[in-house]
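Working notes, beginning with the structure itself.
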Amino acid sequence: MKKKYFFCAFLLFAQTFLITAQPKITFNLHAPAAKNGAESKLYLAGSFNSWQAADTAFKLQQISEGTYRLTTRLKPGLYEFKVTRGSWETVECDATGNGLTNRQIYLKKDTTINITAAAWQDNFPKAEKQHTATAQVHIISEHFDMPQLSRQRRVWIYLPKDYETTKRKYPVLYMHDGQNLFDNYTSGYGEWGVDELMDKVPEKDQCIIIGIDHGGDYRISEYNPYDSKYGKGQGDAYVEFLVKTLKPYIDQHYKTLTDAGHTAIAGSSMGGLISMYAELKYREVFGQAGIFSPAFWIAPPIYDFAQKQKVNAKARFYFVCGDAESDDMVADMQKMAELMQAKGINKVSTPTVIIKGAQHNEKQWNGDFPAFYSWLVEGFK
């Protein structure tokens with residue numbers, strides 16, 4: 001009986017410690033009403049919740065007219081966030097309608113922060129965006145069938161400059177979040193500028209790049225092989241679509257080198273997670289992967305999966321992130337890289353690049369891409 005009592009007391013202590021180990025943070029928000037008369041349901045969207053614009057766990061409670069509050073607990077670390085009214089079309093902006101840089105908080109202990117939202121983006125006419133995709137970028141289809149998911153999706157292609165004038169075949173790089181790769185007009189938070197970067201690559205080193213749009217509300221579930229608090233994981237079906245539907249189509253209609261050694265996959269955040277999973281599961285299809293700022297935190301089972309999978313000795317993984325993204329980003333990424341190295345993949349094939357001061361955004365990934373691509377070309381040879 002004493003042992004049982006001791007065990008229960010220890011369990012209660014452990015649970016209490018785990019809770020109190022996470023500092024409490026209170027957000028006090030002063031915000032104007034929406035000019036269009038829309039109901040003000042306000043949320044925080046940030047690196048602590050994968051930038052979900054209407055996450056009920058981060059909904060602020062109205063205290064009085066124009067005053068809102070949220071108290072929660074987070075692990076110590078650096079976080080970025082913005083205030084929304086439930087979508088990115090209704091995100092906060094400055095008093096003249098210009099977008100804001102992300103708010104930041106470095107959490108060490110119990111903290112209260114006071115913030116003011118000046119205005120909402122939908123209170124202003126939408127700024128006219130310009131198309132920025134270069135001549136080498138084309139749309140394969142606005143409604144490409146995804147039978148594994150019973151959906152359709154826009155698919156982009158970047159073709160090398162000499163594609164029409166040579167008979168040679170090209171390596172292929174598959175990338176996620178197609179909206180944000182080539183064209184500022186379609187991007188949500190700015191573009192990677194992959195096409196402008198590729199236009200500077202010597203023709204002999206160029207490859208075909210396929211961009212697959214994310215599915216909006218489906219993005220997190222499609223890029224996660226596992227269930228999470230954000231929904232049922234559909235990553236298996238998404239990767240199966242890439243392997244069994246999209247790649248065969250690309251290989252049939254374009255001049256490609258079809259083997260794994262000349263087929264790569266890459267993405268950032270959730271796209272980094274699903275790229276890692278895709279190469280682990282389909283090592284006979286993907287020989288190289290670009291793992292940019294991977295959201296491993298949302299899918300802890302990925303480590304067990306990686307541990308159990310057989311890995312091709314020629315497999316290559318490029319890991320890169322900024323040290324100002326989150327408290328766990330660097331450690332999580334290094335853990336995966338070390339796991340791959342323990343399976344016999346050398347460090348040249350598993351570089352781990354940590355960019356000082358870099359944050360979780362397209363600007364960082366644009367800056368990371370040239371070094372990644374130089375590494376990728378070496379693997380294609």
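The values are calculated or read from the model by the stated rules, or taken from the named source; none is laboratory data. Owing to the predicted nature of the structure, the values given are computational and were not obtained by experimental measurement. Don't worry about glycine lacking a Cβ; one is built from the backbone with ideal geometry, like all the others, and counts go over all protein chains shown.
On inspection, Q152 does not qualify as touching a residue at least 60 places away in the same chain (Cβ under 8 Å) and either small (G, A, S) or surrounded by fewer than 21 Cβ atoms within 10 Å (Cβ to Cβ) (or both).
Residues of region 259-302 that are in a strand (DSSP E or B) and over 21 Å from Y189 (Cβ atoms): T263, A264, I265, Q288, A289. For region 220-242, how many residues meet the condition of being under 20 Å from A289 (Cβ atoms) and crowded, with 20+ Cβ neighbours inside 10 Å? Counting residues in region 220-242 that are under 20 Å from A289 (Cβ atoms) and crowded, with 20+ Cβ neighbours inside 10 Å gives 12. All of (1) touching a Phe, Trp or Tyr at 6+ places or on another chain (Cβ under 9 Å); (2) over 30 Å from I209 (Cβ atoms); (3) surrounded by 14 or more Cβ atoms within 10 Å (Cβ to Cβ); (4) among the aliphatic types (A, V, I, L, M) hold for A133 with one exception: (2).
Could you tell me whether region 193-215 includes any residue that is farther than 20 Å from T263 by Cα, small (G, A, S), at pLDDT 95 or above and in a loop (DSSP other than H, G, I, E, B)? No, region 193-215 contains no residue that is farther than 20 Å from T263 by Cα, small (G, A, S), at pLDDT 95 or above and in a loop (DSSP other than H, G, I, E, B). Filtered by the rule that a residue be over 26 Å from G379 (Cα atoms), modelled with pLDDT under 85 and surrounded by fewer than 23 Cβ atoms within 10 Å (Cβ to Cβ), region 302-332 gives A324, D327. Listed by position, the strands (runs of 3 or more DSSP E) contained in region 65-146 that have at least 1 residues being touching a residue at least 60 places away in the same chain (Cβ under 8 Å) and closer than 17 Å to A33 by Cα are 111-116. Taken over region 25-41, the criterion of being in a loop (DSSP other than H, G, I, E, B) and more than 14 Å from R103 (Cβ to Cβ) is satisfied by P32, A33, A34, K35, N36, G37, A38, E39, S40, K41.
Scanning region 46-64 for residues that are of a type in the set (A, V, I, L, M, F, W, C), closer than 19 Å to G322 by Cβ and either part of a strand (DSSP E or B) or in contact with a Leu (Cβ under 9 Å, 6 or more places away or on another chain) (or both) gives a single hit, F48.
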